[in-house]
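Below: one structure, written as structure tokens.
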Amino acid sequence: MLRILSNKILLVGAVLMLLPGCGEEFQLTATPVKNVEKIVVSEPGQVDVYCPTGICQFELAANKEASVTVNMHYDISRRFSKIEGVSVAGELSSSVTMKGENSFSLDVPGNVEPSKVQVVDYYRN
């Protein structure tokens, strides 16, 4: 009987160790790689990327799984006209959904290496 009880306690302890980030605040990291003037995380799960050339690369990573919407801009007064393509290398590769002419969303897995995102605007400079 004591042995069964010990196994149950061990199992509960193992489950608790798998859930360390339950109360952790969501943190999204967006890092410019190429042709990105700036990136603004305007609210949790919302990113504005400023890419003056219309072709750029950046990295996304998060501490826990979330859906992230990316809005693409040339500058503060001009949004991308029509995104021609989005390619992702890493864990996010199949999770891109277009949301409009200048935005898309992706499901970001938590606590993995950053994924590199490349975006191309159809009417780029």
Fill in the blank from the handout: Each label sits 7 Å from Cα toward the beta-carbon; between SER87 and GLU25 the label points are separated, in nm, by 3.7 nm
Exercise for the section: Evaluate the charge dipole of the range 43-125 about its Cα centre and quote only its size in Debye, nearest 20, assuming +1 on the Cβ of each Lys and Arg and -1 on the Cβ of each Asp and Glu. Expected result: 240 debye
Fill in the blank from the handout: Listed by chain and number, the residues whose amide H is under 5 Å from that of THR29, excluding neighbours fewer than 5 places away on the same chain and using placed H, are ALA61, ALA62
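Where a number appears in this text, it was derived from the coordinates with a stated rule and is not lab data. All values reported here derive from a predicted model rather than from experimental measurement. Reconstructed Cβ throughout: ideal geometry from the backbone, glycine too, with neighbour counts over all protein chains shown.
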